[in-house]
Amino acid sequence: MSMGAIYPWQQNNWARLQELRKRPPNGILFKGIKGIGKLDLAIKFGQSLLCQHPDESGFACGKCPSCHWFGQGSHPDYRLLQPEVLSLEGEETETGKKPSKQISVDQVRGLADFVSMSAHQGGGRVVVIHPAEAMNANAANALLKNLEEPPQGLLFILVSHKPQQLLPTILSRCLPFALSAPDAASATRWLAQQGVKNPDAALAFSGFAPLQAVQLEKQLGSEEREKLLRAVRQPAALDVFALAEALQKTEQVLVVQWLQQWSYDLSSMKQAGKLRYHPGEEAAIKKLVEPVAPLNLARLQKHLQTAKREAQHTLNPKLFFESLLFAYRQMMLE
Ligand SMILES: [Zn+2]
């Protein structure tokens, strides 16, 4: 394993973690927005703590028996707790039930043997819990017992996108470790390396979360989105019926979201002269919003918020899109 094994924007985080190696806490909380690689970093850190020959930067060697077990997913001193829905990755449960989105109390109790034993390899032990907010109240309370009476050498790494949802008693027993969103330059470079065609746009579209950006790229380049964005650029020429028909197979919530990002940028251009989601289109958008009253742009955003709720349960997508597009045209031309 090399430096390349962590994301380029995590170098500073990694260096900070090396400081902790000297005196590891019992619990550490990796927090930050979704899609910036918190779980991957937690796993890399866990592996490096168990590795028998980490290199001088603290990275796991990838060759020792410990790294070998880790790679096989069978390291006796390591556990990853996550909801069924994540570990099954779209497969069905044995009973055919929907996979759970929660980390159950049974999963946490299942750690009891692991926690009470001493390390197989004589080194440390690591439990990664992801995402920590997926623990229900019982699970969280069961975990708390372990955090209150920490076994020697055992590190709990909690990974959370929503730390405000965790029990204060859990928060107080974990060292907070904030992972900031990556800087645009290194994230864009990385996205380009992953084969993302419009890295700037994809990054902006994802809210500056590169891992999400990779996932979102498909939508971003989708024909429907292109069609929509071409049409809304010319409200006066917008053929509401034709566009609604062209979109009717597209998920309604998604279309509203595209329009929300579009309208966000219209307002942002009007008020601050800058864009968030549609980089590189400053001139066109500036010209478009020039004659539009700020109040109308605010009304448009409000309208879209309501539409997003309605989008969950419309029965007639075509009709829904027609009314949405009429509203857009009206507010842009009034
Ligand atoms: Zn190793």
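Every number here is computed from the coordinates shown, using simple stated rules; none is lab data. All figures in this text were calculated on a predicted structure; none of them were measured in a lab. Positions of Cβ are generated from backbone atoms using ideal geometry, with glycine treated the same way; all protein chains shown enter the neighbour counts.
Towards the positive end of the charge dipole of the chain, with charges on Cβ (+1 Lys, Arg; -1 Asp, Glu), say which of Gln72, Ile285, Ser118 has the farthest Cα.
So the residue we want is Ile285.
All other residues with a Cβ under 13 Å from the Cβ of Ser323 taken together, and with Lys, Arg as +1 and Asp, Glu as -1, what is their net charge? Please report the intermediate quantities before stating the final value.
Details: positive: Lys318, Arg329; negative: Glu310, Glu322.
Spelling it out: positives minus negatives among the neighbours equals 0.
Run the quick spin-label model on Asp55 and Glu281: label points 7 Å from Cα toward the beta carbon, then report their separation in nm to one decimal.
Rounded to a tenth, the inter-label distance reads 4.3 nm.
If the chain between Asn316 and Gln193 were fully stretched, how many nm would it gain, using 0.36 nm times the residue separation less the Cα-Cα distance? Could the numbers behind the result be given before it?
Working: separation 123, 0.36 × 123 = 44.28 nm, distance 4.12 nm.
Result: 40.2 nm gained on full extension.
Does a label point 7 Å from the Cα of Val85, set along Cα-to-beta-carbon, have any residues of the range 171-209 with amide nitrogen under 11 Å, and which are they?
none
Quick one: net charge of Ala237's neighbours, Cβ under 11 Å, K/R +1, D/E -1?
On the way: positive: Arg230, Arg233, Arg329; negative: Asp239.
Taking every other residue near Ala237 into account, the sum is +2.
For the chain, set up a GNM with springs between Cα atoms under 10 Å and report which of Lys22, Lys63, Lys308 has the largest fluctuation.
Per the Cα network of the chain with a 10 Å cutoff, Lys22 tops the list.
In degrees, nearest 10, range 0 to 90: what is the angle between the Cα axis of helix 210-220 and the longest Cα principal axis of the chain?
For 210-220 against the chain, the angle is about 30 degrees.
Using unit Cβ charges (K, R positive; D, E negative) and no other charged atoms, how large, in debye to the nearest 20, is the dipole of the chain about its Cα centre?
Numbers: 37 positive and 31 negative charges, 134 e Å.
Roughly 640 debye for the chain.
Ratio of alpha-carbon Rg to the 2.2 N^0.38 Å globular estimate for the range 222-333, to two decimals, please. Could you put the intermediate results ahead of the total?
Details: Rg = 13.1 Å, N = 112, 2.2 N^0.38 = 13.2 Å.
Computed over Cα atoms of the range 222-333, the ratio equals 0.99.
Which net charge results for the neighbourhood of Phe45, defined as the other residues with beta-carbon distances under 11 angstrom from its beta-carbon, given Lys and Arg at +1 and Asp and Glu at -1?
Numbers: positive: Arg16, Arg21, Lys38, Lys44; negative: Asp40.
Counting the neighbours of Phe45, the net charge comes to +3.
Any number yet on Rg/Rh for the range 3-180, C-alpha, Kirkwood?
Working: Rg = 15.7 Å, Rh = 16.7 Å.
Here the Rg-to-Rh quotient is 0.94.
Quick one: His120, His313, His130, fewest Cβ neighbours within 10 Å first, how do they rank? Walk me through the numbers before you get to the answer.
On the way: His120 13, His313 7, His130 22.
If I rank by nearby Cβ atoms, fewest first, I get His313, His120, His130.
Helix-derived [θ] at 222 nm for the chain: sum -39500 (n - 2.57) over DSSP H runs of at least 4, divide by residue count, nearest 500? Spell out each step's value before the answer.
Details: 17 runs with 174 residues, N = 334.
The per-residue figure over the chain is -15500 deg cm²/dmol.
Starting from 0.36 nm per residue, how many nanometres of slack lie between Leu175 and Glu245 once their C-alpha separation is accounted for?
Values: separation 70, 0.36 × 70 = 25.20 nm, distance 5.31 nm.
Gain in length upon complete extension: 19.9 nm.
For a Förster distance of 22 Å, can you work out the FRET efficiency between the beta-carbons of Lys101 and Leu167, rounded to the nearest 0.05? Walk me through the numbers on the way to the answer.
Numbers: r = 18 Å, r/R0 = 0.84.
Rounded to the nearest 0.05, the efficiency is 0.75.
Working from Cα positions, state the angle (0 to 90°, nearest 10) between the long axis of helix 252-272 and the longest principal axis of the chain.
So the helix axis and the longest Cα principal axis differ by about 80 degrees.
In whole Hz and in residue order, list the ³J(HN,Hα) couplings for the range 22-35 that follow from phi through the Karplus curve 6.51 cos²θ - 1.76 cosθ + 1.60, θ = phi - 60°; x for Gly and Pro.
4, 9, x, x, 7, x, 9, 10, 7, 10, x, 5, 5, x
Per residue and in cubic angstrom, what volume does the convex hull of the Cα atoms of the range 115-259 have? Before the final figure, lay out each step's value.
Working: hull volume 26.9 nm³, N = 145.
Spread over its residues, the Cα hull of the range 115-259 gives 185 Å³ apiece.
Give the value in nm², to one decimal: projected area of the alpha carbon convex hull of the chain, averaged over all directions.
19.9 nm²
Within the range 130-149, name every residue whose backbone N is under 16 Å away from a label modeled 7 Å from Cα of Gln215 along the Cβ vector.
130-134
Using 0.36 nm per residue of separation minus the Cα-Cα distance, give me the extension gain between Ala15 and Gln152 in nm, one decimal. List each step's numbers first, then the result.
On the way: separation 137, 0.36 × 137 = 49.32 nm, distance 2.42 nm.
Working it through step by step, the gained length comes to 46.9 nm.
Taking the simple approach of a point 7 Å from Cα along Cα-to-Cβ for both Arg309 and Leu333, what is their distance in nm?
Here the modelled spin labels are 2.9 nm apart.
For helix 294-311, what angle does its Cα long axis make with the longest principal axis of the chain, in degrees from 0 to 90 and rounded to 10?
The angle comes out near 60 degrees.
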